[in-house]
Each structure stands twice: as structure tokens, then as C-alpha cells.
Amino acid sequence: MAFAVLFVCTGNICRSPMAERLFAAQLPSGLPVVAASAGTRALVGHGMDTPSLIALRELGGDSSGHVARLFTSALAESSDLILTAESAHRARVVEANPLAFRKTFTMREFARLGAGLGPLTVETTGDTTDALRARVGDVAGRRGWAEAGGPGADEIGDPFGASLKIARGCARTVSDAVGGIIAALGLQPDGTLERHTR
């Protein structure tokens, strides 16, 4: 079974599809990890906002086939890690599914909290998906212990309706956050995992 990551923003036409597709592009190949996205007030059925789509493609992301969908409690239940653009989205996810608290973070928060945890290790008799779920628990355990970000440090602003320049800035911020997320998960660039014997 794959480790499921869900990215959440407001309309699901800018930030969360950027993150979903950049995560897929940056993720080491061959790992049992899947990504999806949704919006708390999704413009259901719409494709990506044009400036965001252009900015995504410039960074190597593939926008093809994206169709906005609404965030639901069922999506939260079926996800192993939920990453939001803003703290308001995180609050909405937890309000819809209180049990999701330990696996729900803003994108930048997860990257910040998980910085320095090092490579993911998998017991030789274990499973990569289980190890990734355990890593999410490790990151959650750093809440209240790791240094807090400054005001707004964990937020990614909405570029909807803005210029291509603003969309490009947002895409770079999302891309940096995605790189931090992959590092926080402990995934190696070449897709290998450290394996320890019990």
C-alpha cells in the first residue's frame, strides 16, 4: 500500500496542485508514495489558474489532467500526510477530521519541523510505508519543541488573480517547501533508503 500525501489550499487551482505536481517531479523514483490535492472551497471541475500553470511548468511540473476537487473528511481519512498552504486550511482539515491532527501541517511547517531528522531508515523486515508513517509521527512530536517560525513563516500566500510574476514567486516558495518536505520525510535523492537489521 502506498503512502498517500494530500496537499490542500482554497480553490485547488493554484498552490495545492503546484505542490502536488512539484512533489511528484522532485520525489525520488521507485518509492511507494502517491500525491493528490484538494481545496477547502474548490472551484470544482476547473483546471489550474493560467499564471500558476505557467509557473509550475517553468519549474518542471506537469499540470496535465488536473481538475479541482473539494476537500472532504474522507480524503483526510485516506491520507497519511496532509499538507496545507495556510494555517487556516490546516484548521479546516482538523475541524473536519479531528483525528487528522497529528498528520496535518502547513507545508512550510512540516519542512521546518522535520529539518535535521536525517535519512529515513527502514528495518530490513519492515515496510517503507510504515517507516514514512512513523516519520510523520516523529515530525509531529517536534511540535512545541522545535523553534517556532516567525509570524507568517509557515504560510504560503494565494496567487489567484495575480500576475505571472506573483505566481512565479509563489511557485518558487512552494518548490522550496516541497524540497524541505521530501528532506523531512528522510527520502534520499537517488531513491535509496537506509536499511537497519533488527
I'd like to know if the range 79-97 contains one or more residues that are under 29 Å from D130 (Cβ atoms) and among the basic types (K, R).
yes
Test for L81: is it of a type in the set (A, V, I, L, M, F, W, C), touching a Gly at 6+ places or on another chain (Cβ under 7 Å) and open to solvent by less than 40 Å² (accessible area, probe 1.4 Å)
no
Search result, residues across the range 32-55 that are touching a Lys or Arg at 6+ places or on another chain (Cβ under 6 Å) and either basic (K, R) or not in a loop (DSSP other than H, G, I, E, B) (or both)
A38, A55
Which condition number in (1) under 14 Å from L6 (Cα atoms); (2) in a loop (DSSP other than H, G, I, E, B) is the one that F101 fails?
(2)
Across (1) open to solvent by less than 70 Å² (accessible area, probe 1.4 Å); (2) part of a loop (DSSP other than H, G, I, E, B), A88 clears everything bar (2)
For the structure I just gave you, tell me whether A55 is crowded, with 22+ Cβ neighbours inside 10 Å and among the small types (G, A, S).
yes
Pairs, first of a type in the set (S, T, N, Q) in the range 85-103, second surrounded by 16 or more Cβ atoms within 10 Å (Cβ to Cβ), C-beta under 7 Å, six or more apart:
S87/T106; S87/D154; S87/E155; N97/A76
Hey, does the range 48-64 have a residue that's more than 20 Å from A153 (Cα to Cα) and touching a His at 6+ places or on another chain (Cβ under 7 Å)?
yes
Among the residues of the range 94-135, the number that are farther than 22 Å from T173 by Cα, hydrophobic (A, V, I, L, M, F, W, C) and within 16 Å of the chain's Cα centre (by Cα) is 4
Select from the range 6-42 the residues that are closer than 24 Å to A100 by Cα, without any contact (Cβ under 8 Å) to a residue 60 or more places away in the chain and open to solvent by 10 Å² or more (accessible area, probe 1.4 Å) and list them in ascending order.
E20, R21, A24, V34, A35, A36, T40, R41, A42
May I ask you to list the residues in the range 43-69 that are touching a residue at least 24 places away in the same chain (Cβ under 8 Å) and small (G, A, S)?
G47, S52, A55, G60, G61, S63, A68
Condition set open to solvent by 30 Å² or more (accessible area, probe 1.4 Å) and in contact with a Lys or Arg (Cβ under 8 Å, 6 or more places away or on another chain), scope the range 103-121, selection farthest from G150 (Cα to Cα): answer is T121
Is it true that some residue in the range 155-168 is modelled with pLDDT of 95 or more, closer than 18 Å to M18 by Cβ, in contact with a helix residue (DSSP H, G or I) (Cβ under 8 Å, 6 or more places away or on another chain) and of a type in the set (D, E)?
yes
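The values are calculated or read from the model by the stated rules, or taken from the named source; none is laboratory data. All values reported here derive from a predicted model rather than from experimental measurement. We place every Cβ from the backbone using ideal geometry, glycine too, and count neighbours over all the protein chains shown. These area figures cover heavy atoms from the full protein model, side chains too; ligands, DNA and RNA do not enter into them. Shrake-Rupley method; radii C 1.70, N 1.55, O 1.52, S 1.80 Å.
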